[in-house]
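**Q** My questions will all concern the structure given below.
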Amino acid sequence: MDLINNSNYNIILGSASSRRKELLEMTGIVFKVNSIPVSEDFPEYLKAEEIAEFIVNNKANAFQKIIEENQIIIVADTLVWFKNKCWGKPKDKTEAKSMLNLFSGNSHDVITSVGFLTNNNFEVLTESTKVTYKHLTDNEIDFYVETMNPVDKAGSYGIQDWIGMIGVERITGSYTSVLGLPVPQVTNKIIQIINKNV
């Protein structure tokens, strides 16, 4: 990632997510983290990608007054879309188990939107990945929720966790997007922004 690291741009990850930080670190890109807490509420009429993009816009707006020249601030949101409904983070273990029971034996969409804010522009890219679970037993769900306590994860699971290893039969789309950041698309977009402004 020498093109990015040797450019005049400073990359800022505007997210408190340890998974997004880890994914971006794996690219070799030099960046700093600066997260601003933002409400993730959204109007009820929004659907699927519209929800993720709405929240990403709100996250970017929080940085509008502090962004500096030659900064690229990256914000992101990930959600699960299933049966025409948005499934965010569960409020407790009981709700986590209920979600996983619903996903069992079915396919759902994991949608990640990523926003790229500069001092004169804002762009959003969105990736949707289909995740298919095998039929999960009650014992498998109970074991996962009780040992991993996935209440901080959209859809009540991390695909990199035990439940993903034993439960996900296939995915169609970007694996890293399900983790919270579609890495190839993100690095390509950063390079595009830098080249556009050279």
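**Q** Normalised by the residues of the chain, what does the relative contact order come to in percent, with Cα pairs under 8 Å and at least six apart? Each step should come with its number before you reach the end.
**A** On the way: 356 pairs, mean separation 44.4, N = 198.
Here the relative contact order equals 22 percent.
**Q** Near Lys196, which lysines are there with a Cα under 19 Å away, not counting those fewer than 8 places off in the same chain?
**A** Leaving aside lysines fewer than 8 places away in the same chain, none come within reach of Lys196.
**Q** Follow-up question, since we're still on this one. Near the amide H of Ser17, under 5 Å away, which other amide H atoms are found, from residues 5 or more places off or on another chain, if H is placed in the peptide plane?
**A** Distant-sequence amide H within range of Ser17: zero hits.
**Q** Right, something else. To make sure I understand the rule: partners must be aspartates and glutamates, Cα under 17 Å from the Cα of Lys59, and not fewer than 8 residues away in the same chain. Which ones qualify?
**A** Within reach: Glu40, Asp41, Glu49, Glu50, Glu68, Asp77, Glu123.
**Q** Can I ask one more? Would you mind counting up the charge near Lys189? Only other residues with Cβ under 15 Å from its Cβ, with Lys and Arg at +1 and Asp and Glu at -1.
**A** Working: positive: Arg20, Lys196; negative: Glu53, Glu123, Glu127.
Here the count lands on -1.
**Q** Over segment 1-89, what is the percentage of antiparallel beta bridges among all DSSP beta bridges, to the nearest 5?
**A** On the way: 3 of 10 bridges.
Restricted to segment 1-89, the bridges split so that about 30 percent are antiparallel.
**Q** So for segment 2-196, what percent of the C-alpha to C-alpha distances run longer than 24 Å?
**A** 40
**Q** How would Ile12, Ile166 line up from fewest to most surrounding beta-carbon atoms within 10 angstrom? Mind dumping the intermediate values first?
**A** Details: Ile12 21, Ile166 12.
Lowest to highest Cβ neighbour count: Ile166, Ile12.
**Q** Mind checking which of Asn119, Asn61, Pro182 is farthest towards the positive end of segment 2-196's charge dipole, using Cβ charges of +1 (Lys, Arg) and -1 (Asp, Glu) about the Cα centre?
**A** Final value for the positive-end residue is Asn119.
**Q** Which entries of Lys153/Lys189; Lys47/Lys130; Lys21/Lys47; Lys97/Lys153; Lys47/Lys134 have Cα-Cα distances beyond 24 Å here? Walk me through the numbers on the way to the answer.
**A** Working: Lys153/Lys189 26 Å; Lys47/Lys130 16 Å; Lys21/Lys47 27 Å; Lys97/Lys153 13 Å; Lys47/Lys134 26 Å.
Beyond 24 Å between Cα atoms: Lys153/Lys189; Lys21/Lys47; Lys47/Lys134.
**Q** Mind listing P(r) for segment 137-183? All alpha-carbon pairs, 5 Å bins, whole percents.
**A** Computed distribution, short to long bins: 5, 20, 30, 25, 13, 6, 1.
**Q** For segment 43-149, compute Rg over Rh where Rg is the Cα radius of gyration and Rh is the Kirkwood radius from the inverse mean 1/r over Cα pairs. The partial results should precede the final answer.
**A** Numbers: Rg = 17.1 Å, Rh = 15.6 Å.
That ratio equals 1.09.
**Q** Which of the peptides 112-125, 141-154 is most tightly packed, and how do the rest follow, going by the mean number of other Cβ atoms within 10 Å of each residue? Don't skip to the end; give the middle numbers.
**A** Values: 112-125: 19.1, 141-154: 17.3.
Ranking, from highest mean packing down: 112-125, 141-154.
**Q** Please report how far the C-alpha centroid of segment 15-36 lies from that of segment 124-191, rounded to the nearest whole angstrom.
**A** Segment 15-36 and segment 124-191 have Cα centres spaced 18 Å from each other.
All of the numbers you see were taken from the coordinates with simple rules; none came from a lab. Computed from a prediction, not measured in an experiment: that's the story for all the values here. All Cβ positions, even for glycine, are placed from backbone atoms using ideal geometry, and neighbour counts span all protein chains on display.
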